[in-house]
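Take a look at the structure set out below.
Every number here is computed from the coordinates shown, using simple stated rules; none is lab data. On a predicted model such as this, the values are computed, not experimentally measured, just so you know. Glycine gets a Cβ as well: all are built from the backbone with ideal geometry, and neighbour counts include every protein chain shown.
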Amino acid sequence: MRAPVSAAMAAEDFSAEAAAIVRSCVHCGFCNATCPTYQLSGDELEGPRGRIYLIKALLEDGSVGADTRLHLDHCLVCRNCETTCPSGVRYGRLVELVRPRVLRRAPPPWPSRLLRHALLNVVPYPRRFAPLLAMARWVRPLLPARLAAHLPPRRAPAPAPRAAPARHARRVLLLGGCAQPVLNPAIDAAAVRVFDALGIELVRVAGADCCGALAHHLGAEEVARAQARRVIDAWWPALDAGAEAVMVTASGCGVQLKEYTDLLRDDATYAERAARIAALARDPLELVDAGLLACRLEVSGVGAVAVQAPCSLQHGQRLGGRLEGLLRACGFELVPVAESHLCCGSAGSYALVHPDQASALRTRKLGHLMAARPQLVVTANIGCQTHLAQAAQVPVRHWLELVADCLPDA
Ligand code: SF4
Ligand code: SF4
């Protein structure tokens, strides 16, 4: 695809990289077949190719209208199109470069701006998010039905460990997170137990909390960079002391860590450190020895499991099939799931900002997940878990919770 850049746009710091990505598209349209928003609407501008054309127009003449903002904003950044694209178009990077500028030049209506502002200033801060969530649950009967439907289900607190995890020679840094410890602290508690059983000590470091993924998703790049720098600073001494990797149990945050290089590439002080963090970032699935784990588990009585592979895991981190492979190797019974490549509609803050599209995608996803009547659904990302659990007929769990419950002393 040709992508001439106007003189005015050439002065913008993102335009050269964006134009190079646009040029790599051969406009074949294969990506539309796997794009969730195109599948919902059938509208060319709601698919990756149409969005790339809108970005091309922006580069050529600087044109940004409500249509450009609307269609780019509707993108889930699920990156299914990247997995499908035969030309290797870095679509996710393109949207990350362009969308924040478009949202600034053609802002959404004020209720949406207010919501985004609230999300940005509440969710990444557990001391704000936890009391506000508790209060919202308390007044739930008084809330409008549409708002009440988005309140995440209350979960049991993390079980107290039977014994303190042992100290091991192998140490991995575990990101503290922000929303996840409020929504479901049992996930990280389960991770500590599972990795302890595998001879790996998970170490949490004060200050390594929010990775910046939510801010990044909302287009607040400077906030995301500041949060990333804080994580890097907090982790640095522990990395120098010999930790072998950094890890987060939410696959959406895992993508963010692995792409710190892009986020901080123009920061002279942090670019190199960001690249080291990105190189050391691992999803839990990449650190688990399946054979060893299988020997430790007692899986009888669990029942049939449907796997929802988050987009951040299969398209963002390119770990498609890994979760299913691990669970099968450990002896769990998995049911077939159609359209496993399609997004469930969670996508960071998307479910709150675009509830209608998110709800339609969730209905479609749950239809496929429940088709073979599983006893539970497992996922690898707190956002997907929370979003699906609001409408699922069976428990939705993180795979680490399931595995930890199958350790013999559980
Ligand atoms: S599949 Fe790739 S090359 Fe083809 S239209 Fe989509 S982004 Fe462009
Ligand atoms: S990232 Fe997902 S929603 Fe956005 S264009 Fe690609 S496939 Fe469609």
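The calculated 222 nm mean residue ellipticity attributable to helices in the chain amounts to -14000 deg cm²/dmol, summing -39500 (n - 2.57) over DSSP H runs of n ≥ 4 and dividing by all residues. Residues LEU97, LEU143, arranged from fewest to most other Cβ atoms within 10 angstrom of their Cβ, appear as LEU143, LEU97. By the equivalent-ellipsoid construction on the alpha carbon gyration tensor, segment 264-308 comes out with semi-axes of 39, 13, 5 Å, ordered largest to smallest. Loop-located trypsin sites (Lys or Arg not before Pro) in segment 205-305 (DSSP state not H, G, I, E or B) with no more than 13 neighbouring Cβ atoms inside 10 Å: ARG265. Look at where the Cα atoms of segment 167-218 and of segment 233-298 average out, and the two centres are 11 Å apart. Each 5 Å bin from 0 upward holds the following percent of the Cα-Cα pairs of segment 162-231: 3, 17, 20, 19, 17, 12, 7, 4, 0. The charge dipole of the chain, taken about the Cα centre with unit charges on the Cβ atoms of Lys, Arg (+1) and Asp, Glu (-1), comes to about 720 debye, rounded to the nearest 20.
Between ASP289 and ALA329, the contour length at 0.36 nm per residue exceeds the Cα-Cα span by 13.4 nm. Taking 7 Å steps out from each Cα toward its Cβ at GLU222 and THR363 produces label points 4.2 nm apart.
The Cα atoms of the chain define a convex hull whose projected area, averaged across directions, is 19.8 nm².
Placing a pseudo-label 7 Å from each Cα along the Cα-to-Cβ vector at ALA156 and LEU114 gives an inter-label distance of 4.0 nm.
A simple spin-label model places the labels of ASP61 and ARG127 5.2 nm from each other, with each point 7 Å out along Cα-to-Cβ.
Residue separation of MET135 and GLU17 scaled by 0.36 nm, minus their Cα-Cα distance, works out to 38.0 nm of gained length. Across segment 7-105 the C-alpha pair distances fall into 10 Å bins from zero in the proportions 17, 54, 27, 2 percent. Size descriptor for segment 170-286, Kirkwood hydrodynamic radius: 14.1 Å (Cα pairs only, one decimal). Counting every other Cβ atom within 10 Å of each residue's Cβ, THR37, THR68 order from fewest to most as THR68, THR37.
Judged by the ratio a/c of the largest to the smallest principal axis of the C-alpha gyration tensor, segment 117-158 counts as oblate, that ratio being 1.5 or greater while a/b is no larger than b/c.
Only the Cβ atoms of Lys and Arg (+1) and of Asp and Glu (-1) were treated as charged; on that basis the dipole of segment 7-105 about its Cα centre amounts to roughly 180 debye. Under a Gaussian network description of the chain, with springs only between Cα atoms under 10 Å, the residue in LEU369, LEU175, LEU133 that fluctuates furthest is LEU133. Each Lys and Arg contributes +1 and each Asp and Glu -1, all at the Cβ; summed about the Cα centre of segment 296-405, the dipole is approximately 160 debye. For segment 388-406 versus segment 1-66, the spacing of their alpha-carbon centroids is 38 Å.
As an exercise, use a Förster radius of 41 Å and the Cβ-Cβ distance of ALA391 and ALA7 to find the FRET efficiency, rounded to the nearest 0.05. Between ALA391 and ALA7 the formula returns 0.25. For the chain, hydrophobic long helices are taken as DSSP H runs at least 27 Å long by C-alpha position along their axis with mean Kyte-Doolittle hydropathy of -0.5 or more; these are 221-240.
Per-residue Cβ neighbour counts within 10 Å put SER312, SER359 in the sequence SER359, SER312, beginning with the fewest. Cβ-Cβ distance of ALA268 and THR83, R₀ of 35 Å, FRET efficiency by 1/(1 + (r/R0)^6): the value works out to about 0.55. For the Cα trace of segment 216-359, dividing Rg by the Kirkwood Rh returns an Rg/Rh value of 1.03. For segment 318-410, the convex hull spanned by the alpha carbon atoms encloses 104 Å³ per residue. Our estimate of slack between ALA279 and ALA241, defined as 0.36 nm per intervening residue step minus the Cα-Cα distance, is 12.0 nm.
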